[in-house]
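Written out below as structure tokens is the structure these notes cover.
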Number of protein chains: 2
Amino acid sequence: MKNQIYFTPGPSALYFTVREHLKSALDSNVASISHRSSFFKSFYGETVENLRTLLKLPDNFQIFFTGSATEIWERIIENCVDKESFHLVNGAFSERFYKTAVAFGKEAHKVESIAGSCPEIDNLMIAETHELIGITHNETSTGATQPLEDIYKIREAFPDQLIAVDAVSSLPYVNIDYSKVDTVYFSVQKCFGLPPGLGVWLVNDRCIEKAENRMRRGKNIGYYHSLPTLYEKGLKNQTPETPNSMGIYLLGKVVEDMLKKGIDQIRKETNSKAAILYNSLNKSDVFKPFVEEKRHQSKTVIVGKTAVSSADIIQDLKKKGMTIGGGYGEFKDLHIRIANFPTHSKEQIEMLADALEKI
Amino acid sequence: MKNQIYFTPGPSALYFTVREHLKSALDSNVASISHRSSFFKSFYGETVENLRTLLKLPDNFQIFFTGSATEIWERIIENCVDKESFHLVNGAFSERFYKTAVAFGKEAHKVESIAGSCPEIDNLMIAETHELIGITHNETSTGATQPLEDIYKIREAFPDQLIAVDAVSSLPYVNIDYSKVDTVYFSVQKCFGLPPGLGVWLVNDRCIEKAENRMRRGKNIGYYHSLPTLYEKGLKNQTPETPNSMGIYLLGKVVEDMLKKGIDQIRKETNSKAAILYNSLNKSDVFKPFVEEKRHQSKTVIVGKTAVSSADIIQDLKKKGMTIGGGYGEFKDLHIRIANFPTHSKEQIEMLADALEKI
């Protein structure tokens, strides 16, 4: 079934300009040039600067590229945690970050809330010895969003800890105050509408210092993607390895397009498209929003619980040219998951909402 | 300067069918589909099977995908070495594998030969305690090839050690007897002519057992790209993370094209094109092959030492539409490096050889 619109929560529909940029990348030999050449350094620099502008990233933050956000979980634990980390867990992805810490032999602590909710942040049992707090802004498996105010309150209560924010499926929609967090990461195949194969890691000087400190004490921080190595290469607009250069190039171009459109406009549209989708779910007899608390309802990944098998609904929509996601893990046949990313037009979302209402 | 033929030793010219396959990938939504979907599993399976056929890989070997060959160095050390490794070093890349082991706190030993040569393999001081022997089949920085017979002799002398072979810039040209090695790895942006961003890791059961053994003893083997995790996911034609799915798809298609052409034909052509290039270097007053011993001269990365600045020569050839590589590291201005990969036609190589002779 070709000519599908992908509303899957990542990989998802490509940003509408990607095909054109891919052509220009091929025409200018982006895939063939050396990653030590001035051409590479120039588009690497543009990608970083464009992202910096789009996200309003302060000067004490650096931008690094990895193979995936999954890789970034490991690099954070390796570089920034000696012994103990603390995790807010409310779904499969926040749980996986916690498990990564365990796998690396850390004493990992967690507070857990049921799927579709977010952990309450009052009275968190975070000790002074917990060096890093992992918070998932947007849990892609359930569509639950931990409000930014929660994250900022945690920062106020625990100023000495490093705060790591998973914004895999919410950047650049979410307007983060970077002075109140230490590291944030995302994947390009979600809101940026790019082919998968690139994770983007934003880190401040506190994280880099922690990694350097660990290195000085002979602790394992990895090698080619350790923060000191990434920092040293990044200063020269380079990567330690031969990277996914097409991905870095395309990201720069898509961010340029987003800058032309304006991030405020993107946020406004995301809000209004999300309202259309939640409205459909609320009106329906077949669906209800899985996340009940309004302030926890994600604007970028909308999850509905279904009164009937979601597999049938998905099949039905596919016949109409719309591919949406099923539930994650245990919710496979009980949920539908819908991406509301910048590339999804209001018209497309309305078409989907109409189709949902008719079920 | 557009319309260049890239003879750079990777990234290099794209395999001549890549543009077409990229179009078919976009048309069939490869970049948008879920990496847990049946479509993903089907092309992942095809890529693995095609590679298995092309390389004549025995059943006790698995094929895994990483972000780069640089990553594979780390994963080998993490998964397969408790305390000590041994490395044959003859250039920047073999040295970097050695340094990776050091960075991970291993007691790493090496035998070193000067750039442009290969270590002598008689009387190697390899102890029983050295768990893994790292050998670079084709040192991309100097164009020196360690003959396969050397590798097999090392295997005979040290049957208990794991043998890791860097074939980053020589597979699929090099016809390895996989019963005599334990792990081999390569990058797709060299002989396979693909955009960078994917490393391919071939591992046998001994490597996987070693990793499992380390895991049971509570040693750090990483998490998402540990051999047990890769193995578990690979059995289902999946990857632990959202991978570079376009890269995996394109690799499968290019290998299919290579199978149609026939690996014997590719090897024959590579030999004859290499002969043309070495002949030009030998005839020239300006160039000499950097690798003097004939049996060490790489067939896929031909390196010439230059009597004049190589930067000028490179600039000159660029004006004629041919981009070749400069020397690596300390040899930057003293060498030229030329890729002789499957996508480079005999006509292109002859044109380059002619131009070299005229300098």
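Each value in this text was obtained by applying a stated rule to the coordinates, not by laboratory testing. All of these numbers come straight from a predicted model, not from anything done at the bench. Cβ sites come from the backbone with ideal geometry, for glycine too, and all protein chains shown count toward neighbours.
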Practice task
Within 10 Å of each Cβ in peptide B:59-70, how many partner chain Cβ atoms are there on average? Round it to a whole number, please.
Solution key: 3
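Provide a whole-number value for the mean count of partner chain Cβ atoms within 10 Å of the Cβ atoms in peptide A:120-133.
Numbers: counts 0, 0, 0, 0, 0, 0, 0, 0, 0, 0, 0, 0, 0, 0.
Per residue, the average neighbour count from other chains is 0.
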Exercise for the section: Using the 7 Å Cα-to-Cβ label point, sort the distances from residue B:308 to its equivalents in the other copies shortest first and give them in nm to one decimal. Expected result: 7.9
Practice task
With θ set to phi - 60°, apply the Karplus curve 6.51 cos²θ - 1.76 cosθ + 1.60 along the stretch A:47-60 and write out the HN-Hα couplings as whole Hz, x wherever there is a Gly or Pro.
Solution key: 4, 5, 5, 4, 5, 4, 5, 4, 8, 6, 7, x, 5, 7
Problem - Ascending list, in nanometres, of distances separating the residue B:330 label from those of the other copies (7 Å, Cα toward Cβ) - result: 6.1
Problem - Under the Debye formula (equal points on every Cα, no solvent term), log10 I(q)/I(0) of the protein assembly as shown at q = 0.07, 0.09 Å⁻¹ - result: -0.48, -0.79
Practice task
Using the Cα centre as the reference, give the magnitude of the dipole from point charges on the C-beta atoms of the protein assembly as shown (Lys, Arg: +1; Asp, Glu: -1; all else neutral), rounded to the nearest 20 debye.
Solution key: 1520 debye
Exercise for the section: Between chains B and A there is a rotation axis; tell me the chain B residue with the nearest beta carbon and how many whole Å away it sits. Expected result: B:67, 2
Handout entry: Values of log10 I(q)/I(0), in the order q = 0.09, 0.10, 0.14 Å⁻¹, for the stretch A:18-259 under a Debye, Cα-only, solvent-free model
Key = -0.37, -0.46, -0.89
Exercise for the section: Rounded to whole Hz and in sequence order, give me ³J(HN,Hα) for the stretch B:309-314 from the Karplus expression 6.51 cos²θ - 1.76 cosθ + 1.60, θ = phi - 60°, writing x for Gly and Pro. Expected result: 4, 5, 4, 5, 4, 4
Practice task
Could you work out how far the C-alpha centroid of the stretch A:310-326 sits from that of the stretch B:29-77, in angstrom?
Solution key: 29 Å
Exercise for the section: Rounding to the nearest 20 debye, state how big the charge dipole of chain B is about its Cα centre with +1 on each Lys and Arg Cβ and -1 on each Asp and Glu Cβ. Expected result: 900 debye
Fill in the blank from the handout: Using alpha carbon positions and the Kirkwood radius, the Rg to Rh ratio of the stretch B:149-290 is 1.04
Practice task
Convert 37 °C to kelvin, take the viscosity as 0.692 mPa s, use the Kirkwood radius over C-alpha pairs of the stretch B:1-89 as Rh, and evaluate the Stokes-Einstein diffusion coefficient in µm²/s, rounded to a whole number.
Solution key: 194 µm²/s
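Output the pairs from A:56/A:233; B:23/B:210; A:305/B:219; A:41/B:180; A:294/A:358; A:358/B:41 with a Cα-Cα distance over 30 Å in this structure; if there are none, say none. Please list the in-between numbers first.
Details: A:56/A:233 22 Å; B:23/B:210 42 Å; A:305/B:219 42 Å; A:41/B:180 41 Å; A:294/A:358 24 Å; A:358/B:41 33 Å.
The pairs that break the limit, which is 30 Å between Cα atoms, are B:23/B:210; A:305/B:219; A:41/B:180; A:358/B:41.
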Problem - Where the Cα pairs of the stretch B:125-169 fall when distances are cut into 10 Å bins, in % - result: 28, 51, 21, 1
Practice task
Towards the positive end of the charge dipole of the protein assembly as shown, with charges on Cβ (+1 Lys, Arg; -1 Asp, Glu), say which of A:57, A:92, B:208 has the farthest Cα.
Solution key: A:57
Fill in the blank from the handout: Among A:289, A:159, A:228, the residue with the largest mean-square fluctuation in a Gaussian network model of chain A built from Cα contacts under 10 Å is A:159
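Once you charge only the Cβ atoms, +1 for Lys and Arg and -1 for Asp and Glu, what is the size of the charge dipole of the stretch A:49-200 about its Cα centre, to the nearest 20 debye? Could the numbers behind the result be given before it?
Details: 12 positive and 22 negative charges, 96 e Å.
With Lys and Arg at +1 and Asp and Glu at -1, about 460 debye.
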Exercise for the section: Give me Rg over Rh for the stretch A:201-359, both radii from the alpha carbons and Rh done the Kirkwood way, two decimal places. Expected result: 1.12
Completion exercise
When the charge dipole of the protein assembly as shown is computed with +1 at the Cβ of Lys and Arg and -1 at the Cβ of Asp and Glu, the Cα pointing farthest to the positive end, of B:7, A:334, B:178, is that of B:7
Practice task
Only helical DSSP H runs with n ≥ 4 go in: add -39500 (n - 2.57) per run for chain A, normalise by residue count and round the 222 nm mean residue ellipticity to 500 deg cm²/dmol.
Solution key: -12500 deg cm²/dmol
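All other residues with a Cβ under 14 Å from the Cβ of residue A:158 taken together, and with Lys, Arg as +1 and Asp, Glu as -1, what is their net charge? Provide the component values of the computation, followed by the final result.
Details: positive: A:153, A:155, A:180, A:206; negative: A:84, A:122, A:128, A:131, A:150, A:156, A:160, A:182.
It works out to a net charge of -4.
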